[in-house]
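Engineer: Can you keep this structure in mind? I'll have questions shortly.
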Amino acid sequence: MNMDPPAYNTLVLSDLHLGAETSHAREATCVLKQNQFRRLILLGDIFADLNFARLTKEHWKFLGYIRKLSNPKRNVEVIWVEGNHDHGLANIMSHLVGVRVYQEYKWEFCGIPHLAIHGHQFDGFQVNRVRLSSFGTSFYLRLQKLDMKGQPIARLIDRLNTRWLRMSPKVASGALSYAHQHGATRIFCGHTHEAVHIERDGINYYNAGGWVDSRLTYLTIDEPGVRIHEYRERVDDSDSSQERGETDSAFADFTNHAGLLENVEYEGVGR
Ligand SMILES: [Mn+2]
C-alpha cells in the first residue's frame, strides 16, 4: 500500500491534557498511527482532569487508539506514567484502556539505564501548593483558548508564558539530580510543555514537550539515540469536526470497536 512508517524502539508523548479545549488529540492520534514502535510511554497529564464529560469525540478516539495498541496481539508495550493532572488514575486506566500506570518507569535499552517521570516532582511550586497550581494551569489553558480565537489578550499570555517557562530549567535541574541519585543515564520528563534536551555530567535530560501549545512534540528512542520531533500536519490528516455533540457516538465507538469486541478476539488467540 504505502511505505512502512519508521520503526522506533520507544515513542514518548506527554501533556496532551485531554478534556482541555486546547488539547490537540487528533494530531496526537495521527502521530501514533503514522509511526511504528515497540513501546509507548504516555508521560503524564494525558488528561487535564478526571472529568470525562469534557472529553470530545477526538479525545475518545485517542483513548480508543491507546486501547487498541494495548491489545497483546499488537506487541506494543504501553506505559502510562502519572502526572499531576491525571493523578489518581491508575484504576480507571487499567480498566478503561488496559494499560498499567506507574509513578515512574525504569527500563534499560542498549545497556543504558532509562527513567521516565512526569516532572512535577521537581517543581517546588506544584508539590507544595497542588490546588493553587492546578487552578493556575486550567486558567493558563483557558487563556490559550482565548488566544486561539484571536482576542486581544496576547500580551498577558506572553507574560504568563514566560512565567510558565521559568519552571522549565527548574524541572531540568531537579530531574538531572534525580537521575544521578537513581543511577539513570537518561531521564525523560514532561510537565513544562517545552521540548528540550540538556546534557550535564554525562546524564541526558529530555523533555517531551506537550500537545496544548503551538509546538506539538514527541520523543523517539532508538539505537542511534533520542530524537525530539515536531508534529507537522499532513494534508490528508485534516478532519475538522470536533463537536462535543458527537461525543456520545464516539464513546459508543470506543466501547464497541476498541473494547468488547477485541477482548473477545484475543481471548481466543491462545488456543
Ligand atoms: Mn504536569
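What follows draws every value from the coordinates through simple rules; no lab data is involved. Since we're looking at a predicted model, the values are computed, not measured.
Engineer: Output the pairs from 33/57; 68/106; 33/106 with a Cα-Cα distance over 21 Å in this structure; if there are none, say none.
Structural biologist: Values: 33/57 17 Å; 68/106 24 Å; 33/106 25 Å.
Cα-Cα > 21 Å for 68/106; 33/106; rest within.
Engineer: What does the extension gain come out to for residue 230 and residue 38, with contour length at 0.36 nm per residue minus their alpha carbon separation?
Structural biologist: On the way: separation 192, 0.36 × 192 = 69.12 nm, distance 2.01 nm.
Value of the extension gain: 67.1 nm.
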